[in-house]
Amino acid sequence: MDNIASYNVARKFEKRALLILVNAVAGLSIFFFGYDQGVMGGVNGNRSYAHIMGFGYFDEQSGIVNVQKPLLQGGIIAVYYLPGTLFGAFLGGWFGDRYGRIKTIAVASLWAIVGATLQCSAQNAKWMFCARTLNGIGTGILNAITPVWATETASHTSRGQFVSIEFTLNIFGVVVAYWIEYGTSFYSQVNSSFIWRFPIAFQIVPLIFLFFVVWAMPESPRWLVKVGREEEARFILGRLRGEGDGAAEAEFQDIHNIVELERKTSSQNSYLAMFFGWGSGKLHTGRRVQLVVWLQILQEWIGIAGITIYGPTIFTIAGVSASSRLWVSGLNDITYMFATLICVFTLDRIGRRWTLYWGSVGQGICMFCAGGLARATINAKASGGNTAGVGGGAIFFVFLFTAIFGATWLTVPWLYPAEIFPLEVRARGNAWGVVGWSIGNGWTVLLLPTIFAHLNEKTLYLFGAVNAATIVIVWALYPETNQRTLEEMDLVFASDSIWNWDAERNFKILKEQNPELVRAAQRGNSVVDPEAGVKGGRQGSLVPRNLSLEAKEYDPEKVEAGVKHDDV
């Protein structure tokens, strides 16, 4: 393929080796995202940073920063999300659909390098506000496009595992940020700005590497089909899936057919049209937007933001000293990281819905128990009783919550938006998920300190109730995507009903009506032309006839005789 550079790794590697390289580069992008999020936790508590930004001073007696202007402190964090990552998501989605996944990742890397440079050299709060916003835009672009590139190159049978590995690296980024900050805290000059500037500057290292290495990566074959570069798409799919058994050709034909169907079915392009579903017809893009936005918002309100904010308070209530809190928090992050590996092995086996179910149950129990034990510890202290047992129990449930979250709700809200949108607007669709994440984070950063100030540990009961509500919400509204190709998603969401059970019923019918759209999902992937009787190769592709997302009259016997889906 003359259009594919000689240094492109797809020319040398194929199948599993090529997928590992793609996964590693996507993981590097997600690693930066985790590091960038995690680094501000330690920076906020630094005496030099608090003085330069003007929101507080360091109390020598207590050993912590005394915050005098919490709104200023919180605002510096919040602008990273609102407007930073929110605007970046919209920009990344548009750019990614127009110019491709690889160019978008490269542009975002360069943008984030500029933002990080400005952050680590900030001299006052206004400077930091601008730098944080710019850095947030770069992160938003990366978050909008990286999961899309990953899911569009991965096989539908291991897509969840592919993205789960990346989010293990995401939490690894948080861990690295924490321990770098822990190391710089021992710097001999305690008032030096080096202690907080170096951890921020360190993120430039993976960004520079990402910028250069991404140019050697294969472009998404689905985006190539969308823009008419079909020979390149065939070549890359062949390298990703292998050439021998017809799997790559079957997948290529599915992609080609779904592109034609989407263009015939839908006329929506703008973000506004996507949000309201204008012109989307049977693709129901507006419904998909609402699902991914609210899934990301719920991810914050099930308790992870609360544990991030209130966890250190629970450690203090339990009698953990200021110096020991650093070790306890660091150990919690390490536990969190290893827990994400559970998702690597379970997500493609039990599916997205059951992953969220068991996560909600476990997290809800942890929230109620942590809240109750925190109150019991406070009461025991007030009465002069022994707090070791109840305090240790509260800490245990904080650890358990973050572990369960890492194994469940951390990954799915990021994977789901990259899976469910039509190819024509997939990057912009995933951008809506980042918008939901930005709203959820910005909202909680601003509101939770006030809520905790009024409700204290009772706020954890609120999170427990939200976890219970999510079980019903996911069951009723969120269709399963596990073991389904990206092309099948248009069939899954073709139902006019918002309810999951109607979507599954309609999906079965449409699979019967449109066998040309689901061949890559079948076992055995041999491509057979019913007229010519030819197997394999381009000549063996099924010719699409009257493709439609309009389900015909329901015939239970015909559906039962057709291809069944294990997750229905």
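The values are calculated or read from the model by the stated rules, or taken from the named source; none is laboratory data. Just so you know, these numbers come straight off a predicted model, no measurement behind them. Using ideal geometry, Cβ is built from the backbone for each residue, glycine included, and neighbour counts are taken over all protein chains shown. For the accessible areas, the whole protein counts, side chains as well, though only heavy atoms, and no ligand, DNA or RNA atoms are used. Shrake-Rupley method; radii C 1.70, N 1.55, O 1.52, S 1.80 Å.
Take Gly38 and decide whether it is more than 20 Å from the chain's Cα centre (by Cα), closer than 30 Å to Glu181 by Cα and in a helix (DSSP H, G or I). Before you say what the answer is, go through the steps one by one.
Numbers: more than 20 Å from the chain's Cα centre (by Cα): no; closer than 30 Å to Glu181 by Cα: yes; in a helix (DSSP H, G or I): yes.
When the stated conditions are applied, Gly38 does not pass them.
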**Request:** Within the range 186-229, work out how many residues are open to solvent by 60 Å² or more (accessible area, probe 1.4 Å), touching a helix residue (DSSP H, G or I) at 6+ places or on another chain (Cβ under 8 Å) and within 20 Å of Val9 (Cα to Cα).
**Result:** 3
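For the range 58-88, give me each residue that is in a helix (DSSP H, G or I), of a type in the set (Val, Ile, Thr) and in contact with a Phe, Trp or Tyr (Cβ under 9 Å, 6 or more places away or on another chain).
Narrowing the range 58-88 to residues in a helix (DSSP H, G or I): 70-78, 80-88.
This time we only want the ones that are of a type in the set (Val, Ile, Thr), so: 76-77, 85.
Selection gives Ile76, Thr85.
I need the full set of residues from the range 32-66 which are open to solvent by 30 Å² or more (accessible area, probe 1.4 Å) and under 20 Å from Val114 (Cα atoms), in order please. Working first, answer last.
First pass over the range 32-66, keeping only residues open to solvent by 30 Å² or more (accessible area, probe 1.4 Å): 37, 41-42, 45, 47, 51-52, 54, 57-64, 66.
Correct list: Gln37 only.
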**Prompt:** In this structure, does Leu110 turn out to be assigned to a helix (DSSP H, G or I), touching a helix residue (DSSP H, G or I) at 6+ places or on another chain (Cβ under 9 Å) and modelled with pLDDT of 95 or more?
**Reply:** yes
**Message:** Can you find, within the range 474-490, the residue that is most open to solvent (accessible area, probe 1.4 Å) among those that are more than 10 Å from Arg352 (Cβ to Cβ) and aliphatic (A, V, I, L, M)?
**Reply:** Leu477
**Message:** Please go through the range 245-288 and give me each residue that is in contact (Cβ under 8 Å) with a residue 24 or more places away in the chain and among the aliphatic types (A, V, I, L, M), ordered by number.
**Reply:** Ala247, Ala250, Ile255, Ile258, Val259, Leu261, Met274, Leu283
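Among the listed residues Glu488, Glu512, which satisfies the condition of being more than 29 Å from Gly364 (Cα to Cα), charged (D, E, K, R), within 25 Å of the chain's Cα centre (by Cα) and assigned to a helix (DSSP H, G or I)?
Values: Glu512 fails: within 25 Å of the chain's Cα centre (by Cα).
Every option except Glu488 fails the conditions.
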**Prompt:** Could you say whether any residue in the range 319-336 is in a helix (DSSP H, G or I), of a type in the set (Gly, Ala, Ser) and closer than 30 Å to Ala418 by Cα?
**Reply:** no
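Evaluate the following for Trp354: is it farther than 21 Å from Ile302 by Cα, without any contact (Cβ under 8 Å) to a residue 24 or more places away in the chain, surrounded by fewer than 18 Cβ atoms within 10 Å (Cβ to Cβ) and among the aromatic types (Phe, Trp, Tyr)? Walk me through it before giving the result.
On the way: farther than 21 Å from Ile302 by Cα: no; without any contact (Cβ under 8 Å) to a residue 24 or more places away in the chain: yes; surrounded by fewer than 18 Cβ atoms within 10 Å (Cβ to Cβ): yes; among the aromatic types (Phe, Trp, Tyr): yes.
For Trp354, the condition - farther than 21 Å from Ile302 by Cα, without any contact (Cβ under 8 Å) to a residue 24 or more places away in the chain, surrounded by fewer than 18 Cβ atoms within 10 Å (Cβ to Cβ) and among the aromatic types (Phe, Trp, Tyr) - is not met.
Which one is surrounded by the fewest Cβ atoms within 10 Å (Cβ to Cβ), of the residues in the range 67-94 that are in contact with a helix residue (DSSP H, G or I) (Cβ under 8 Å, 6 or more places away or on another chain) and free of Cβ contacts under 8 Å to residues at least 40 places away in the same chain?
Taking the range 67-94 as the starting set, the residues that turn out to be in contact with a helix residue (DSSP H, G or I) (Cβ under 8 Å, 6 or more places away or on another chain) are 67, 70, 72-94.
After this cut, where a residue has to be free of Cβ contacts under 8 Å to residues at least 40 places away in the same chain as well, the list is 67, 73.
On the way: Val67: 17, Gln73: 21.
Once the filter is applied, the top-ranked residue is Val67.
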**Request:** Keeping to the range 374-403, report how many residues are closer than 19 Å to Gly303 by Cβ and either modelled with pLDDT of 90 or more or among the charged types (D, E, K, R) (or both).
**Result:** 8
**Fill in**
Per the filter on the range 408-461, residues among the β-branched types (Val, Ile, Thr), buried (at least 24 other Cβ atoms within 10 Å of the Cβ) and either free of Cβ contacts under 8 Å to residues at least 12 places away in the same chain or assigned to a helix (DSSP H, G or I) (or both) are Val412, Ile420, Val425, Val434, Val435
**Request:** Considering only the range 373-407, state which residues are in contact (Cβ under 8 Å) with a residue 40 or more places away in the chain and small (Gly, Ala, Ser).
**Result:** Ala374, Ala388, Gly391, Gly392, Ala394, Ala403, Gly406, Ala407
**Prompt:** Picking from Ala370, Ala382, Ala339, which residue would you name as being open to solvent by less than 20 Å² (accessible area, probe 1.4 Å) and over 25 Å from Ile30 (Cα atoms)?
**Reply:** Ala370
**Message:** Looking at the range 278-295 only, could you name the residues that are open to solvent by 20 Å² or more (accessible area, probe 1.4 Å) and either among the acidic types (Asp, Glu) or assigned to a loop (DSSP other than H, G, I, E, B) (or both)?
**Reply:** Trp278, Gly279, His284
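Would you pick out the residues in the range 462-473 that are open to solvent by 50 Å² or more (accessible area, probe 1.4 Å) and within 30 Å of Pro70 (Cα to Cα)? If you could, list the steps in order and put the result at the bottom.
If we filter the range 462-473 for residues that are open to solvent by 50 Å² or more (accessible area, probe 1.4 Å), which is where we start, we get 462, 465, 468, 471-473.
Correct list: Leu462, Ala465.
Out of the range 8-42, which residues are of a type outside the set (D, E, K, R), at pLDDT 85 or above and over 20 Å from Leu207 (Cα atoms)?
First pass over the range 8-42, keeping only residues of a type outside the set (D, E, K, R): 8-10, 13, 17-35, 37-42.
With the extra rule that they be at pLDDT 85 or above, the set shrinks to 8-10, 13, 17-35, 39.
Scanning the range 8-42 gives Ala10, Phe13, Ala17, Leu18, Leu19.
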**Message:** Within the range 142-151, does at least one residue satisfy the condition of being in a helix (DSSP H, G or I), open to solvent by 10 Å² or more (accessible area, probe 1.4 Å) and modelled with pLDDT under 95?
**Reply:** no
**Prompt:** Of everything in the range 186-224 that's of a type in the set (Ser, Thr, Tyr) and without any contact (Cβ under 8 Å) to a residue 40 or more places away in the chain, which residue is nearest to Gln37 (Cα to Cα)?
**Reply:** Tyr187
